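Input: a single structure, listed below in structure tokens.
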Amino acid sequence: MFGRLRRKEKTEESAKKTGSAWKRAFGGIFGRGGIDDDFWEELEEALIVSDVGVNTSMQIIEELQELADESGWKETDEVRQALRDRIVETFDGLSEEDPLPDDTSTVLLVVGVNGVGKTTSIAKIAQSAKSEGRSVLLAAADTFRAGAIEQLKIWGNRLDIPVIAQNAGGDPGAVTFDAMSSAKARGTDLVIVDTAGRLHTKHNLMEELRKVRGIIDREGAGYTVKVLLVIDGNTGQNGLSQAKAFTEAVRCDGVMLTKLDSTAKGGIALAIAGELGLPVWFAGTGEKVEDISEFDPEGFADTVLPESIAS
């Protein structure tokens, strides 16, 4: 959906604050004289503090230690370059699939907890798709909050994109059914279904989400169904718990990382990719509707581990 050069630049720009945090955490480590036991302990701690997570951090350190022993590395900068390459490889190995392929109609089911910027993210994706000539329809299946329905309607009016909605308190499954019926009648290319921002620990609400997914699967003949999980870049390791719960409930396919421009760490993206195998598809790069980019692993790595992190 986005040009390669633009997405790299946007990812780099939005991750500047994340890069500053990583520089503070890692600068002293890579600026030391050589590789010893303290170096490895400090590097692992820095990864964990940066929200990469315990399991992923331990795995990365183990791999880097093996490489260092096999290659006879003496300088910390050799480890830094290998870590940067490892970050890129983690994301690159999962990003072959096109989130919204041009040659097929798609239903994008968008899930996530309250406050992650889900509805705004939907508007950004919808605007990007429309600007490329795709027909888009929005479904306001977050019927638990009247404000969510109104917010999506406002975005629909602003972007001149139709919104299928019912009154607050209605059945989200019925909204989804109506949206699929309307999309098939209109020949719509892209249907984006908003869902209630729910706590991933609430069993009954997750069951409601499964019901919505089931309706899409049943009524979506001719459509490719994908589930996008929206995660706040500031969430920390709770974001990994969210990703696990939503993936178990509705088989998430990819992640949108919001507030990357304001997050202090951003390592949660690496944890989700490493532990769950979920690609990061999109990055929110600001507050405006055009502030979205396909996530670029090289751009992210260039920002968090630049050529001279100690400088």
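The values are calculated or read from the model by the stated rules, or taken from the named source; none is laboratory data. Remember, predicted model here, so these are calculated numbers, not experimental data. We place every Cβ from the backbone using ideal geometry, glycine too, and count neighbours over all the protein chains shown.
Below, the figures for the structure above:
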| read-out | value |
| --- | --- |
| Near pairs, Cβ below 6 angstrom, 6+ apart or cross-chain, from segment 215-227 (part of a strand (DSSP E or B)) to any residue that is of a type in the set (Asp, Glu) | 226/253; 227/253 |
| Residue within segment 209-231 that is small (Gly, Ala, Ser), at pLDDT below 80 and surrounded by 18 or more Cβ atoms within 10 Å (Cβ to Cβ) present | no |
| Residue check, residue 257 of a type outside the set (Lys, Arg), within 26 Å of residue 178 (Cβ to Cβ) and in a strand (DSSP E or B) | no |
| Residue check for residue 160: crowded, with 20+ Cβ neighbours inside 10 Å and either out of contact with any strand residue (DSSP E or B) (no Cβ under 9 Å at 6 or more places or on another chain) or in contact (Cβ under 8 Å) with a residue 12 or more places away in the chain (or both) | no |
| Residue among 308, 293 that alone is at pLDDT below 85 and part of a strand (DSSP E or B) | 293 |
| Residue 113 vs. criteria surrounded by 16 or more Cβ atoms within 10 Å (Cβ to Cβ), in contact with a His (Cβ under 7 Å, 6 or more places away or on another chain) and among the β-branched types (Val, Ile, Thr) | yes |
| Answer from 108, 64 - the residue that is modelled with pLDDT of 90 or more and either touching a Ser or Thr at 6+ places or on another chain (Cβ under 8 Å) or over 23 Å from residue 126 (Cα atoms) (or both) | 64 |
| Residues (hydrophobic (A, V, I, L, M, F, W, C) and out of contact with any Phe, Trp or Tyr (no Cβ under 7 Å at 6 or more places or on another chain)) located in segment 92-124 | 94, 100, 108, 109, 110, 113, 116, 122 |
| Any chance residue 56 is more than 21 Å from residue 273 (Cα to Cα) and crowded, with 18+ Cβ neighbours inside 10 Å | no |
| Residue, surrounded by the fewest Cβ atoms within 10 Å (Cβ to Cβ), within segment 87-107, restricted to residues that are under 22 Å from residue 302 (Cβ atoms) and among the small types (Gly, Ala, Ser) | 93 |
| Candidates 144, 177, filtered to the one that is farther than 21 Å from residue 290 by Cβ and modelled with pLDDT under 95 | 144 |
| Top-ranked residue of segment 240-266 - restricted to ones that are at pLDDT below 80 and on the phi < 0 side of the Ramachandran plot, ranked as surrounded by the most Cβ atoms within 10 Å (Cβ to Cβ) | 260 |
| Residue identified as touching a helix residue (DSSP H, G or I) at 6+ places or on another chain (Cβ under 6 Å) and not polar (S, T, N, Q) among 125, 192 | 192 |
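Yes/no per residue for (1) within 18 Å of residue 212 (Cβ to Cβ); (2) in contact with a helix residue (DSSP H, G or I) (Cβ under 8 Å, 6 or more places away or on another chain); (3) among the aliphatic types (A, V, I, L, M):
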position: 58; (1), (2), (3): no, yes, yes
position: 62; (1), (2), (3): no, no, no
position: 97; (1), (2), (3): no, no, no
position: 117; (1), (2), (3): no, no, no
position: 143; (1), (2), (3): yes, yes, no
